[in-house]
């Protein structure tokens with residue numbers, strides 16, 4: 001039957017992801033048991049730096065993106081003129097590839113003539129102008145801002161659709177009960193779109209845990225491992241380091257996969273339980 | 001009633017975010033029409049006179065014709081295969097009539113695989129491609145793309161097919177349609193809105209994909225656009241003007257379509273939001 005053929009590639013993928021679990025050295029398989037995992041957790045400083053960067057990104061990005069997206073959605077919901085135009089513009093960045101976005105933002109962060117420093121100098125904060133991607137302290141936040149630029153508009157559109165899907169009866173009822181604009185927002189709209197908020201937060205989290213392309217194009221993990229993510233480290237270990245060992249990076253990928261799954265599962269539980277309590 | 005002042009107060013943050021959101025891209029657009037010399041003299045000048053010929057030069061001299069063609073071939077081929085397979089499989093999963101071994105576990109597996117991070121498959125796929133001599137070939141890339149987007153496509157289309165009443169199917173059967181013609185003549189046309197959503201979602205994903213491309217493609221002749229841009233930014237770092245033109249070539253086709261079909265794009269991209 002044809003559907004069996006359709007599923008075939010998925011099965012192959014599965015077959016192989018299971019095979020990754022086996023420790024292979026180069027193209028010659030050699031069984032080493034859990035040795036790789038012990039090394040990753042016990043002795044690999046770069047892995048710890050990379051995972052800390054990835055986690056920072058995955059936690060910080062939703063904290064910035066979601067409130068921003070919600071604020072923008074609420075603004076547009078209040079019948080701002082040309083709302084459709086604004087929505088169209090804000091959504092655009094998510095349609096571009098990471099290399100394109102990366103190059104544009106390399107220019108934005110350019111020390112001499114980039115937009116970021118231009119704006120700072122224009123508002124009299126020229127002292128803060130700096131080479132954003134050259135210092136380990138500012139490089140990661142600078143990259144996080146780029147993903148916010150990409151995804152805040154996208155999240156906004158999803159939230160706006162959720163708000164528009166609320167039956168107007170609810171809002172009318174609240175108005176009749178004398179609830180002010182702010183109270184209607186916080187006690188009617190936000191609780192009702194909570195499932196959407198939770199979903200987007202978790203997606204944002206997972207997306208950043210997997211982040212690879214933007215780093216690869218903009219900083220290659222530097223300076224001083226300052227923007228190394230687990231994903232870039234896996235690719236580096238597999239194809240750029242002269243260890244010629246696919247087993248070790250595979251073990252990192254497996255470990256990270258388990259961590260992503262565990263954390264997003266936990267996050268889902270926590271966010272949903274809070275939701276249950278409030279209703 | 002809202003006064004003019006509050007209206008203005010609402011508009012201010014909206015405008016501020018619009019500048020933040022559109023500014024960098026518009027700036028790039030102006031640079032794409034200016035020569036690098038002009039840009040180094042002043043980075044924020046208007047493109048007067050506009051050097052439209054830069055697009056022609058990028059296309060012919062800097063290899064963008066090749067990269068564009070590679071991206072187009074890979075994206076279109078992948079979308080075609082994934083749509084046909086995804087629709088058929090989605091339909092089979094939507095109708096209880098089609099029974100086959102391990103049906104429910106299989107669907108669960110497909111659903112779970114939507115959320116798999118690509119890194120978990122990256123290295124094993126690399127091994128397979130090398131083994132079957134598909135490494136460094138566009139065919140190999142298409143196969144990988146199809147495999148990675150198939151689960152989500154099946155999932156989305158299954159949900160749509162499940163909503164179509166089975167009476168329609170029975171009517172088609174009474175008119176003498178077999179499984180095959182019933183699906184292609186009745187069900188598939190009815191599902192076109194949902195199919196369009198997945199086509200857009202998948203096309204954008206394939207057009208922009210970078211991780212698999214960077215690992216599986218090393219020959220210059222078969223680089224896709226995102227790959228080409230990554231290499232050009234390190235090789236021709238100084239030639240900002242030409243790079244900006246390249247960025248426009250890579251993004252304009254998608255953005256022009258988006259301008260005319262923005263509702264469909266929004267629908268498509270947000271449908272993909274269940275993917276991690």
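Here the simple spin-label model places points 7 Å from the Cα toward Cβ, and for residue B:76 and residue A:168 these points are separated by 4.5 nm. In chain B, helices alone account for a calculated mean residue ellipticity at 222 nm of -24000 deg cm²/dmol, with every DSSP H run of four or more residues adding -39,500 (n - 2.57). For a Förster distance of 45 Å, can you work out the FRET efficiency between the beta-carbons of residue A:190 and residue B:26, rounded to the nearest 0.05? Efficiency for this residue pair is about 0.85. According to the Kirkwood relation over distinct C-alpha pairs, the hydrodynamic radius of the range B:176-276 is 16.4 Å. Working ranking of peptides A:122-132, B:83-93, B:215-225 by packing, defined as the average number of other Cβ atoms within 10 Å per residue, highest first, is B:83-93, B:215-225, A:122-132.
Mind checking which of B:250, B:172, B:191 has the largest fluctuation in a GNM of chain B, springs on alpha carbons under 10 Å? Largest GNM mean-square fluctuation: B:172.
Look at where the Cα atoms of the range A:82-122 and of the range B:92-147 average out, and the two centres are 35 Å apart.
Sequence-distant contacts, meaning Cα pairs under 8 Å at least 6 residues apart, place the relative contact order of the range A:39-278 at 29 percent.
For the pair the range B:173-226 and the range B:38-70, the centres of their Cα atoms are 32 angstrom apart. Distance between the C-alpha centres of the range A:50-77 and the range A:134-213: 8 Å, rounded to the whole angstrom.
Each residue in B:26, B:243, A:133 was given a count of other beta-carbon atoms within 10 angstrom of its own, and listing them fewest first yields B:26, A:133, B:243.
Across chain B, the mean sequence separation of Cα contacts (distance under 8 Å, 6 or more residues apart), normalised by length, yields a relative contact order of 32 percent.
Projecting the alpha carbon convex hull of the range A:39-278 along each direction and taking the average yields 16.3 nm².
Modelled this way, with points 7 Å down the Cα-to-C-beta line, the labels at residue A:130 and residue B:139 are 5.3 nm from one another.
How big is the Kirkwood radius of the range B:67-274, worked out from every pair of different alpha carbons and given in Å to one decimal? One over the average 1/r among Cα pairs gives 18.8 Å for the range B:67-274. Estimated from the Cβ-Cβ distance and a Förster radius of 51 angstrom, the FRET efficiency linking residue A:119 and residue B:231 is about 0.95. Radius of gyration (Cα atoms) of the range B:31-165, expressed as a multiple of 2.2 N^0.38 Å: 1.58. By the count of neighbouring beta-carbon atoms within 10 Å, fewest first, B:43, A:187 end up ordered A:187, B:43. Using the alpha-carbon atoms, what tilt in degrees (0 to 90, nearest 10) does helix B:225-235 show relative to the longest principal axis of chain B? Once rounded, one gets 30 degrees.
Across the protein assembly as shown, Cα-Cα pairs more than 35 Å apart make up 41 percent of the total. With respect to chain B, whose longest principal axis is taken over its alpha-carbon atoms, helix B:262-271 is tilted by about 60°.
Legend: ranking of residues A:246, B:109, B:10 from fewest to most surrounding C-beta atoms inside 10 Å; resulting order B:109, B:10, A:246.
Values in this text are rule-based calculations from the coordinates and carry no lab data. Source: prediction; values computed, not measured. All Cβ positions, glycine included, derive from the backbone under ideal geometry; neighbour counts span all protein chains shown.
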